[in-house]
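Rule-based calculations on the coordinates, nothing more; no lab input. All figures in this text were calculated on a predicted structure; none of them were measured in a lab. Here Cβ is always computed from backbone atoms with ideal geometry, including for glycine, and neighbour counts include all displayed protein chains.
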Number of protein chains: 2
Amino acid sequence: MEFFDKVGKAALGSRLRLMTAVVTDDAAKIYELYGVEFVPKWFPVFYTLAEEREITITEIANEIGHSQPSVSKIIQEMIGAGLIKESAKTDDKRKNNVVLTEKGILISKKIKQQLEDIDVAIEDIIAESKHNLWAALEEWEFLLEQKSLIKRVSEQKKKRESKDVKIVNYKTEYQEAFRALNVEWISKYFEMEEADYKALDNPEEYIIKKGGKILVALYENEPVGVCALIKMNNSEYDFEMAKMAVSPKAQGKSIGWLLGKAIAEKAKELGAKKIYLESNTILKPAINLYYKLGFEKVFGLETPYKRCNIQMELVLG
Amino acid sequence: MEFFDKVGKAALGSRLRLMTAVVTDDAAKIYELYGVEFVPKWFPVFYTLAEEREITITEIANEIGHSQPSVSKIIQEMIGAGLIKESAKTDDKRKNNVVLTEKGILISKKIKQQLEDIDVAIEDIIAESKHNLWAALEEWEFLLEQKSLIKRVSEQKKKRESKDVKIVNYKTEYQEAFRALNVEWISKYFEMEEADYKALDNPEEYIIKKGGKILVALYENEPVGVCALIKMNNSEYDFEMAKMAVSPKAQGKSIGWLLGKAIAEKAKELGAKKIYLESNTILKPAINLYYKLGFEKVFGLETPYKRCNIQMELVLG
DNA sequence: ATTAATTATATAATTAGTTATGCAAATGTA
DNA sequence: TACATTTGCATAACTAATTATATAATTAAT
């Protein structure tokens with residue numbers, strides 16, 4: 001199908017669907033060829049019953065990877081066709097154990113030869129093909145169970161988008177964004193405090209002129225994240241990382257990570273050995289990010305912020 | 001899925017269906033991730049329209065391998081969603097040409113990035129897997145188009161069953177079968193003639209005692225095919241192959257071919273250089289078989305049978 | 001110039017699965 | 001021991017496709 005070459009791998013689903021249709025259409029004809037009165041969709045259920053002596057509907061569903069209602073319906077059809085019957089041998093009255101009838105056992109014998117022929121026919125295709133579809137399905141089942149397609153795509157999206165994020169130095173034109181992005185999360189989770197207003201309304205005076213730095217993350221030339229490195233009056237720490245904010249609209253692009261890394265780099269350039277931060281444990285994604293960046297908990301410093309209930313430091317390598 | 005290992009390749013259809021479900025389920029989530037209001041099943045149709053400027057429903061169906069009603073419904077849904085519109089630019093009033101709307105074009109741009117991400121994600125799976133599912137699907141599409149699964153299985157069935165066919169010499173206990181199998185086809189297509197009754201009622205006297213042979217094909221120890229080698233009074237031919245009959249119930253096991261081969265072998269053992277036969281062209285499968293066995297048309301011999309309108313000979317190698 | 005066959009589409013019915021939901025039986029827990 | 005939770009199953013409603021069939025427009029054939 002030429003179509004698939006043009007579209008690319010995104011058409012994997014469509015391609016699978018077509019192949020499924022081709023194979024299952026022929027499956028029906030194969031039963032006919034062998035003169036077995038049998039509906040192909042019964043096959044997985046039937047096979048399970050031929051193997052196990054007696055088994056419940058839910059167990060069958062789990063074994064063959066169908067939903068329980070699907071098996072439930074198939075069982076009813078097969079009972080109608082006289083291939084299986086309910087077997088009362090159970091103390092748990094919710095359970096509906098089923099077994100093959102005489103007729104079912106007969107058909108299972110008939111089908112045995114058919115299965116072997118199909119097996120040989122498919123083995124032949126495998127032998128004449130370069131790429132083993134059967135083995136590929138088995139392998140992909142495993143790989144997609146390990147990490148689903150949606151997860152893989154979302155990781156790729158993040159990776160690509162974070163490439164388009166630029167971290168730049170603060171300019172006056174970003175003051176509005178610096179203020180707005182911070183006000184957004186602070187007032188959502190806490191209340192704006194005196195110290196916040198000072199720094200956000202006048203960052204050049206309160207942060208940069210005192211020897212600090214502000215970095216801005218740009219995505220498509222819009223400021224979507226900010227973070228400050230604030231000069232401290234403390235014997236142990238030269239700088240505090242603070243006022244980190246990322247627009248909710250720009251989440252999933254690793255912007256926090258990129259800002260954090262850049263701030264740490266900046267601090268190192270300025271000769272710092274360690275940087276300090278204050279936060280609150282209700283901000284779980286933020287705390288997580290700090291750990292990922294290498295911060296560790298410390299205790300005991302004084303702070304002007306009511307909302308601070310966790311203090312951390314990062315030793316610069 | 002352990003189930004598949006037990007069942008063998010016959011579960012290829014089930015395995016494909018499960019993989020299709022896994023992939024298409026995630027497809028829906030992927031559109032959501034990218035914030036595109038889009039139903040995955042629209043994708044092949046949408047993609048075709050994004051490529052071609054303007055195209056009819058049937059053309060789309062052919063291109064993407066769906067049925068026409070399927071595309072017809074999808075088109076209606078997409079018109080409802082405002083992604084495409086009918087374009088009246090056609091003289092053939094049966095046709096329903098469709099194109100993307102402004103909104104459709106916008107979404108196609110949005111989706112482009114998404115497609116690239118999926119492409120990379122799937123390429124990554126291909127890279128980390130030993131068996132390339134994408135390439136396997138492509139190859140199997142080709143192989144199954146060349147020779148369908150049903151054809152491959154039916155060939156395998158024939159091959160296996162013809163192994164279970166035994167060709168044995170005539171014994172008195174097979175007289176009834178020899179008669180019945182021949183009467184069945186002769187009276188179906190023609191009328192029984194005097195010469196038929198003689199040979200069939202008393203084969204030992206009319207065939208074997210005169211230096212001829214009869215071979216019987218047994219399947220599951222039942223006689224299901226017969227063929228005679230009859231001594232001729234002719235300077236050119238020593239033997240005639242005649243009274244070949246195969247039970248309709250045993251068709252598809254190459255019994256005719258096995259009998260023909262065995263008769264030719266027998267004739268060679270008896271020192272014949274050529275064998276002769278008479279038939280009628282309305283028996284197309286039989287004539288076909290004779291050609292396959294190496295017989296060629298000849299002309300001019302006299303025959304006691306009304307039904308004879310073709311004469312053939314096989315030069316024994 | 002009719003009539004028959006073909007083509008393009010739409011609609012209806014069917015298929016093989018899925019979720020969602022409800023009910024009864026069994027199990028766990030305070 | 002009573003009550004909440006879990007389990008097993010059936011039923012209903014939905015989904016994404018299919019085949020079968022109807023209708024209108026076009027093309028081919030007498």
Defining the label point at 7 Å along Cα→Cβ, can you sort the distances from B:Lys6 to the same site in each other copy, shortest first, in nm? 4.6
Give the angle, between 0 and 90 degrees and rounded to the nearest 10, that separates the Cα long axis of helix B:12-33 from the longest principal axis of the Cα atoms of chain B. 10 degrees
Please list, or write none, the lysines whose alpha carbon is within less than 19 Å of the alpha carbon of A:Lys249, excluding same-chain residues fewer than 8 places away. A:Lys157, A:Lys158, A:Lys159, A:Lys163, A:Lys166, A:Lys188, A:Lys284, B:Lys29, B:Lys110
Spherically averaged projected area of the protein assembly as shown from its Cα convex hull (nm²): 46.5 nm²
Under Stokes-Einstein, with the Kirkwood radius over Cα pairs standing in for Rh, what whole-number D in µm²/s applies to region B:1-139 at 10 °C and 1.306 mPa s? 92 µm²/s
Can you list, largest first and rounded to whole Å, the semi-axes you get for chain A by taking the square root of 5 times each eigenvalue of its Cα gyration tensor? 65, 25, 16
Between B:Glu236 and B:Asn202, what length comes free when the chain is fully extended (0.36 nm per residue of separation minus the Cα-Cα distance, one decimal in nm)? 9.6 nm
What are the nm distances, shortest first, from A:Ala28 to its equivalents in the other copies, labels at 7 Å along Cα→Cβ? 2.5
Would you mind finding the longest exposed-site-free stretch of chain A, with exposed GluC sites (Glu not before Pro) meaning DSSP loop and at most 16 other Cβ atoms within 10 Å? A:55-190
Based on other C-beta atoms within 10 Å, arrange B:Arg15, A:Arg160 from fewest to most. A:Arg160, B:Arg15
FRET efficiency estimate (nearest 0.05) - Cβ-Cβ, B:Lys163 to B:Glu194, R0 35 angstrom: 0.35
For B:Gly211, which inter-copy label distances result when the label point lies 7 Å beyond Cα on the Cα-to-Cβ vector, reported in nm to one decimal and in ascending order? 12.6
Considering only DSSP beta bridges whose two residues both sit in the protein assembly as shown, what percent are antiparallel, to the nearest 5? 95 percent
With runs of 4+ DSSP H residues as the only contributors, calculate the mean residue ellipticity of chain B at 222 nm using -39,500 (n - 2.57) per run, divided by the residue total and rounded to the nearest 500. -16500 deg cm²/dmol
